[in-house]
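Below: the structure, in C-alpha cells.
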Amino acid sequence: MQIEHLPKVEVGSCNTPLQLLPHLTGELKSQPLYIKRDDLTGLALGGNKTRKLDYLVAYALENGYTTLMTFGGVQTNHGRLTVAAAVKYGLKSILVLKGAKPDYMSGNLLLDRLMDTELVFVDTTAYDHLPPAERAAKSQAYLEECTRKLVAEKEAQGEKVLNIPVGGQGVIGAAGYIQAVPELMRQMEEQGIQAKHLVVGYGSTGTFAGLWAGAKYYNAPFEVIGIPIEPDYHSLQQTADFLNQISETYDMGFTCTPEEIHLELGPAEAPYGGAGYNLPDRETWETIAHLARSEGVFLDPCYTGKSFRGFVDLVRRGKIAVDSGAIFLDTGGAPGLWGREQLDFAQGLFWNDDRNITVFKAQ
C-alpha cells in the first residue's frame, strides 16, 4: 500500500507550528534558526509519538484490537501518549516498564496513574552483576517471557492485545513522520524559509527514519541529521535495514546504505547523548536552561535537551546554518523534567544558590 493511502485517525493536532528562534539566531550570529514544535501535538501534554499513534491506533481499530500494550523506561513519553490515545479511542492499555517500581511517583508516572493504565514493572536488577552482553540477553529474555504471560492472561479474559514496540518503532508508526515531511515543506514555502538541515534526536529511530524516508520520497530541500540520545545507539546498518523495509512496504522506490545516514555524536569526552538513557548530566540541563531563557521553550532531559545541545553546537562549529537556515524538531517530553532523578539533579544547578531570588519575611 502506498503511504498516502495508509489508514489513519486524528489522535492529536499535528499541524504544529514552525517558529523562528530570533534570540538564539542573533546570539549565534547564524542564518535563521527554526523550531518545529512537535511538543505541541495536542494530546496528553504533547510529543512526537502522537503522529505515530495516528496510524497505530487506526491499525488497532481496523483489526479488532481491544488493548494497546507498549514498552519503555519508567519515564517513557511514548507510553504516556499511547495510554492517552487508548483512552481517547475507548481502548484498554498496558505499560510494560523496564526497571524496578520507584519508591516515589513522579513525572510521567503521575500522568499514567491519572489515566488509570495498567503498569507492569519488569525488574531485572538480579542480572546487574553479569557482563554487559549477558546481562542484556538475560534481561531481554525475561522481558519477552513476562510479555508472553501478560498477553496470554489478557487473551484468556477475551482481550486482543496489540504489541507496540518501544517508541512506536516500526513501519506503521514511521508513517507518521514520513507524512510530517510534506507538512513541514508546505510551512517552509508559506513562510519563505530556506533550510538545508533538519536536526532531530536519534533514539528508537522511528522518528528519524520516518523523516529520512519522507525527505527522500518527497524530495525535501533539507538533509536529516540525527543526534543519538544515549551512547548505546542503534547501528547505522540497523537503521538502513529499517529504512529499506519502509521503502519496500510502501513502494517508495529508494534504497539506503549506512553511509547515507548522517549522525552527529559530539565530542568524545562529552558526547551529546550524555552518560546514558535518562541519566542526568550538567551539559543537557544547561542546554535546557539556555533555550528556556532565550526563547521561553522547555526541552526535556532525556531526549530534546541532548539533541538541541547538538543542534546548537553544530551551528557554533559552522557545520549547519552557514548559507541557509536550519530547523530543529522538538519531539516533546517535558514531563520528564519532573522525574525524581532529574529533579534531584536540578536542585544543585538551579536552587541551591540565591541568584535572582529575594525573600521578604515579616518579623
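The values are calculated or read from the model by the stated rules, or taken from the named source; none is laboratory data. Worth saying up front: this structure is predicted, and the values here are computed from it rather than measured. Counting neighbours? That spans all protein chains shown, and the Cβs are built from the backbone with ideal geometry, glycine included. What goes into the accessible areas is simple: the full protein's heavy atoms, side chains included, and nothing from ligands, DNA or RNA. Shrake-Rupley method; radii C 1.70, N 1.55, O 1.52, S 1.80 Å.
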Report summary line: Note on the range 288-307: residues touching a residue at least 60 places away in the same chain (Cβ under 8 Å), surrounded by 24 or more Cβ atoms within 10 Å (Cβ to Cβ) and not polar (S, T, N, Q) are 291, 300, 302, 303, 306
Report task. State yes or no: is residue 41 β-branched (Val, Ile, Thr), touching a residue at least 60 places away in the same chain (Cβ under 8 Å) and not in a loop (DSSP other than H, G, I, E, B)? Result -> no
Query raised in the report: Failed condition for residue 59, given (1) open to solvent by 20 Å² or more (accessible area, probe 1.4 Å); (2) over 18 Å from residue 159 (Cβ atoms), with all others met?
Result: (2)
Report task. Need at least 1 residues that are within 17 Å of residue 70 (Cα to Cα) and open to solvent by 20 Å² or more (accessible area, probe 1.4 Å) per element, so show me which helices (runs of 4 or more DSSP H) inside the range 98-212 make the cut, counting only ones lying wholly within it. Result -> 108-114, 132-156, 171-178
Query raised in the report: When both residues are 6+ apart or on different chains and their Cβ atoms are under 8 Å apart, which pairs have a first residue that lies in the range 310-331 and is within 22 Å of residue 48 (Cβ to Cβ) and aromatic (Phe, Trp, Tyr), and a second that is open to solvent by 10 Å² or more (accessible area, probe 1.4 Å) and not in a loop (DSSP other than H, G, I, E, B)?
Result: 328/34
Report summary line: Exception for residue 70 within (1) in a loop (DSSP other than H, G, I, E, B); (2) touching a residue at least 60 places away in the same chain (Cβ under 8 Å) falls at (1)
Report task. Considering each residue of the range 218-235, count those that are open to solvent by 60 Å² or more (accessible area, probe 1.4 Å) and outside any strand (DSSP E or B), and give that number. Result -> 6
